[in-house]
Amino acid sequence: MANFDLSHLTIVAPFAVNWTEAKSAVGAPDLLRRARVCDTLAEAVADCSLVIGTGSLDRRRPEQRIVSMPEAAALLRAVLAAEPTQPAKPAAENSPSRVALVFGSEKHGLTSDDLTWCHAIAVIDTAHEQPSMNLGQAVAVALYELTRAIDSSPARPTPPLAPAALPSSEQLDRLAALIEETMEQANYLTRGLRSANGEALRILLRRLLPTDADLRRIMGLFRRILWRLRHPQ
């Protein structure tokens, strides 16, 4: 990260011994000292409007959109550069868009549950016989692609995306909770199936890429349905 002038590092549920004893490369000790530590991935990406996970497709059949690393870099830059097109948000929400590029552990990579918080999965093209990369090497390749000058890249169309006014991951989770509450009230969802349905719902909402305006309309719709279910005539 220091090599590519990036400084916002978040670590999720680190192994305490390794984390407290970690040593940084020469010239990058401040990066580790300033790193944010979160208990869950949901907490780590709560304020991000675009979350892209990374990993190999070997022995994995993800439901998320698959993009190449150059495409992922273009998407992340597009969201960061997008000018808001919606009315100003409340002061607490009126901040620049944040994005996240997520890497899993060295041993297992990102789990299926981790990926439910991701809008897409970025894949680095490798030889078919050896699809998995060392974590440090994968990070270096990804950050090089993300930070290299845009005008030095071959012209390529940006993948379709509505980069302006995308809701944060936390807002999508609030919508998912409201939908689940409505489903339970309508006896459509049992608590025993909540975990599996919750994962499917997280994936669906991120695949749909709703805008802030879409989110407000959908939440208004489900709040009205929920009110009617609780107050039948």
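A few notes on this one:
- Rounded to the nearest 20 debye, dipole of the stretch 1-68 from Cβ charges on Lys, Arg, Asp, Glu: 200 debye
- Between GLU181 and ALA22, the modelled labels are 3.6 nm apart [label points 7 Å from Cα along Cα→Cβ].
- Highest mean packing comes first when the peptides 54-65, 170-181 are listed by Cβ atoms within 10 Å, giving 170-181, 54-65.
- 3J(HN,Hα) along the stretch 138-144: 4, 4, 4, 4, 5, 6, 4 Hz, from the Karplus curve 6.51 cos²θ - 1.76 cosθ + 1.60 with θ = phi - 60°, whole Hz, x for Gly and Pro.
- Close amide H contacts of ARG65 (hydrogens built in the peptide plane, cut-off under 5 Å, sequence separation of 5 or more or a different chain): ILE121.
- Dipole check for the stretch 169-230: with +1 at the C-beta of Lys and Arg, -1 at the C-beta of Asp and Glu, and the Cα centre as origin, the magnitude is about 220 Debye.
- For the stretch 26-31, Karplus couplings with θ = phi - 60° (6.51, -1.76, 1.60), whole Hz, Gly/Pro x: 4, x, 10, x, 5, 4
Every number in this text was worked out from the coordinates using simple rules, so none of it is lab data. Keep in mind that what you see is a predicted model, and the values were worked out from it rather than measured. Please note: Cβ atoms are built from the backbone with ideal geometry, for glycine as well, and neighbour counts cover all protein chains shown.
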